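What follows is a short report on a single structure.
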Amino acid sequence: MSDRPETLFSKIINREIPADIVYEDNLALAFRDIAPQAPVHILVIPKQPIPKLADAESQDHALMGHLLLTVKRVAEQEGLTNGYRVVINTGADGGQTVDHLHLHILGGRAMAWPPG
Ligand code: 5GP
């Protein structure tokens, strides 16, 4: 159990607010972004409310690996055979707006580089 405060995404995990959930297991949840920036835009989150990547600790290493493998699984499920982008915005300069670690999966179109 965590003593961290409940986040917006915790409320999605707990079904207190609705979301289009595309994958769930005991450690992770994946759901469609409410403001999609690509034809496919899905967020993969840990059920454990780690606020941001910079707060992950060595004890979280298996969970962090699980999140990446969940990205791969969801991307396959979504048919993103031509590739996709994975983004973790971290902290203020990273553009993070929700303080619950999340991995963006963006796909269905070619991505530009560098990002803004
Ligand atoms: P960040 O900017 O923190 O990297 O990404 C947060 C993402 O969460 C944004 O892409 C935003 O559109 C998405 N988001 C914010 N509130 C909600 C919500 O209530 N439901 C869903 N599905 N996505 C949300």
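Quick note: the coordinates plus some simple rules give every number you see, no bench work behind them. Keep in mind it's a predicted model, so treat the numbers as computed, not measured. Glycine also receives a Cβ, built like all others from the backbone with ideal geometry; neighbour counts cover every protein chain displayed.
So residue 102 ticks every box in (1) touching a strand residue (DSSP E or B) at 6+ places or on another chain (Cβ under 6 Å); (2) more than 9 Å from the ligand (Cβ to nearest atom) but one. Which box is left unticked?
So the condition that residue 102 fails would be (2).
Each row is one residue, and each column tells you yes or no for (1) surrounded by fewer than 12 Cβ atoms within 10 Å (Cβ to Cβ); (2) within 13 Å of the chain's Cα centre (by Cα).
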site: 33; (1), (2): no, yes
site: 46; (1), (2): no, yes
site: 52; (1), (2): no, yes
site: 56; (1), (2): no, no
site: 60; (1), (2): no, no
site: 67; (1), (2): no, yes
site: 74; (1), (2): no, yes
site: 79; (1), (2): yes, no
site: 82; (1), (2): yes, no
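Name every residue in region 12-42 that is part of a strand (DSSP E or B), near the ligand (Cβ under 8 Å from one of its atoms) and in contact (Cβ under 8 Å) with a residue 24 or more places away in the chain, in order of residue number. Explain how you work it out, then say what you get.
From region 12-42, those part of a strand (DSSP E or B) are 21-24, 28-32, 40-42; that's our starting set.
Still in the list and also near the ligand (Cβ under 8 Å from one of its atoms): 31-32, 41.
Scanning region 12-42 gives a single hit, 41.
Identify, please: which residue in region 53-99 is among the charged types (D, E, K, R) and assigned to a helix (DSSP H, G or I) and is, among those, nearest to the ligand (Cβ to nearest atom)?
Only one residue tops the list, namely 93.
Under 9 Å between Cβ atoms, which residue pairs at least 6 apart in sequence (or on different chains) link something in region 83-97 that is under 17 Å from residue 67 (Cβ atoms) with a partner that is more than 7 Å from the ligand (Cβ to nearest atom) and of a type in the set (Ser, Thr, Tyr)?
The qualifying pairs are 96/90.
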